[in-house]
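Here's the structure, in structure tokens; my notes come after.
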Amino acid sequence: MWKAQRGHQSIRHFEPCLDASCVWHEYKTNRMYNNRWYPTVEQLPEGDLFILGGSTTGTKYNRAEINSASYEFWPPRSDAPIPMPFLVETLPYNLYPFVFLLPNGNLFIFASKKSMIFDYHNNRIVKKLPDMPGVPRSYPLTGGAVMLPLDPENDYNVEILVCGGSKEPKNNSPADDTCGRINLGDEDPSWEMDTFVHKRLMPDGVILLDGTVLWVNGCQRGWAGYNRRNFDPTFDPIIYDGTLEHGKRWTTGLADTDIARMYHSVALTLPDGRVWIAGSNNVDPPNITAEYPTEFRVEYFSPPYLFQTRTRPLLSHVPRVVTYNQTFEVLINLGEFKGQNPEIKVGLLRQGFSTHSMHMSQRYVYLRHTVAADMQSIQIEAPPKPTIFPPGSGYLVVLCNGIPSTGVEMFVEKNIEDLQIP
Ligand SMILES: [Cu+2]
């Protein structure tokens, strides 16, 4: 049986397969320069990975002696990790910084309350942004962050949403009940504060197939970590629609769960439009009889768009791989909406990967398109460049009056040959 090596510097590869032969490959010699416990990884347009921050050893929260205040690339682009003073300025609550690749090729980087636009090509801060009001938002005072869907209609203007967190690393610390949203397209971006409906730390924010954001998991008191640090679980899912005006963005009153999902919970949007929710373990060693037990049950959340009586659009003949800026055709069946001039949108979702309320490399991009006169096919333009959607897979979705089709996996590559199908 495969046993993982010590993980602080490990790079592990997993090759998907259709049989039972899949194994993890561990690289003992090829490894990161720095020990990194709780770093962030973001996919880059060049096809490699940006790895940022963390601490050199496991800890309740970061401190100067163990701070991995640097970044590096995988595969390596430099001979050594590159120092990042921002990760010193944001101590001690700066593990798992929020990082998003921006359409202009820079990175948005957020830790604690601070954020900046960073040019990783030239190791240069492009712009420092104002502090976000309220509590720190990074581990172990864990909030969540989402880059709202990118849309060619507004020239891929970027807005970032950061929600929740906790006041201090104490058992009785109240979770935060606010979200902040910053428009990076503004000349002087500032945080517009909004409610998070109620207090929540360790939330999971996932982009649904229709471009809205579902928040699940978490709790109302304490901080992130093992052994009696998380209390008062939040059971209700809430949905944020970033296209609506302030005060009208939240949908509440959805079906509650009765499972506490706090530290080490995860959530992921599925191609069929549901959300897969799993985990929770805030006891070490795992214990299924604890007050908040180690949780082995999986749940599926079905968003309101799956309960509409209207016909769900059908999508077929999606190409397996397209190149940037390529125009391609898919077939659609709009059911009773055919001929009624419905609003058609096309989206491409990359769910990214989820841990500790982080949804690294998650993004959603609307695609330019033209619906055929007979409403049975759509000409779609692939994302124009890799800074908008880095190379790799996503789920293509057609929305008809806001109701999404099932997502169909499609790869976007610089060259068709880049996708090696075994
Ligand atoms: Cu952990």
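Quick one: putting +1 on the C-beta of Lys and Arg, -1 on the C-beta of Asp and Glu, what dipole do you get for the chain around its Cα centre, in Debye to the nearest 20?
1120 debye
Among Ser357, Ser70, which comes first, second and so on when ranked by fewest other beta-carbon atoms within 10 Å?
The fewest-first ordering by Cβ neighbours comes to Ser70, Ser357.
With each label point set 7 Å from Cα along the Cα-Cβ vector, what nm distance links Thr57 and Gln5?
If labels sit at Thr57 and Gln5, their model points lie 2.1 nm apart.
For the chain, what does the helix formula give at 222 nm: sum of -39500 (n - 2.57) over DSSP H segments with n ≥ 4, over the residue count, nearest 500 deg cm²/dmol?
0 deg cm²/dmol
Between Glu168 and Lys248, what is the label-to-label distance in nm when each label sits 7 Å out along the Cα-to-Cβ direction?
Computed distance between label sites Glu168 and Lys248 equals 4.1 nm.
Please check: in the Gaussian network model of the chain (C-alpha springs, under 10 Å), which one of Asn94, Asn401, Asn62 has the largest mean-square fluctuation.
Result: Asn401 has the largest fluctuation of those listed.
Once Rh is set to the Kirkwood radius over Cα pairs, what Stokes-Einstein translational diffusion coefficient, in µm²/s, holds for region 351-400 at a temperature of 25 °C and a viscosity of 0.890 mPa s?
For these conditions, the coefficient is 189 µm²/s.
In a GNM of the chain with a 10 Å cut-off on Cα contacts, which of Lys199, Lys338, Lys385 has the highest mean-square fluctuation?
Lys338
For the modelled label position 7 Å from the Cα of Gln340 along Cα-to-Cβ, which residues of region 304-322 have backbone nitrogen atoms closer than 18 Å?
Label zone hits: 305-315.
Can you tell me which of Gly180, Gly339, Gly352 moves the most in a GNM of the chain? Springs connect C-alpha atoms under 10 Å apart.
Gly339
Cα centroids of region 1-55 and region 185-217: how far apart, whole angstrom?
28 Å
Under 19 Å Cα to Cα from Lys414, which lysines show up? Leave out anything in the same chain fewer than 8 places away.
Excluding near neighbours in sequence, the set is Lys385.
For region 295-422, compute the orientation-averaged projected area of the C-alpha convex hull (one quarter of its surface), in nm².
9.8 nm²
Which of Ile416, Gln326, His359 sits farthest toward the positive end of the charge dipole of the chain, with +1 on the Cβ of Lys and Arg and -1 on the Cβ of Asp and Glu?
His359
Could you check how many percent of all C-alpha pairs in region 6-58 are farther apart than 18 Å?
45 percent
Label Asn227 and Thr355 with points 7 Å out from Cα along Cα→Cβ: what is the distance between them in nm?
Result for the modelled spin labels: 2.1 nm.
Rg to Rh ratio, region 132-307, alpha-carbon atoms and Kirkwood radius?
Using only Cα positions, Rg/Rh for region 132-307 is 0.98.
Can you tell me what the convex hull of the Cα atoms of region 1-130 projects to on average, as an area in nm²?
If I average the Cα hull's projected area over directions, I get 9.6 nm².
So for region 310-418, averaging the separation of alpha carbon pairs under 8 Å that are six or more residues apart and normalising by length, what relative contact order in percent results?
About 36 percent, as a whole number.
So what is the relative contact order for the chain, in percent, with contacts set as C-alpha pairs under 8 Å and at least six apart?
Over the chain, the number comes to 11 percent.
Note down the relative contact order for region 231-301 as a percent, whole number, built from C-alpha pairs under 8 angstrom at least six residues apart.
23 percent
Once each part is reduced to its C-alpha centroid, what is the distance from region 220-280 to region 282-297 in angstrom?
18 Å
Take the Cα pairs of the chain, get the Kirkwood Rh, then feed it into Stokes-Einstein at 20 °C and 1.002 mPa s and tell me D in µm²/s.
96 µm²/s
Mind counting lysine pairs for me in region 84-173? Cα separation below 18 Å, and the two need to be 8 or more apart along the chain or on different chains.
6
Give me the net charge for the shell around Leu101: Cβ to Cβ below 9 angstrom, other residues only, Lys and Arg +1, Asp and Glu -1.
0
Give the list, by residue number, of cysteines in the chain with no other Cys Cβ closer than 4.7 Å, or say none.
Lacking a cysteine Cβ partner under 4.7 Å: Cys219, Cys400.
Values quoted throughout were computed directly from the atomic coordinates according to the rules given, and no laboratory measurement underlies them. What you see is a predicted model, and the numbers here were worked out from it, not measured in a lab. All Cβ positions, even for glycine, are placed from backbone atoms using ideal geometry, and neighbour counts span all protein chains on display.
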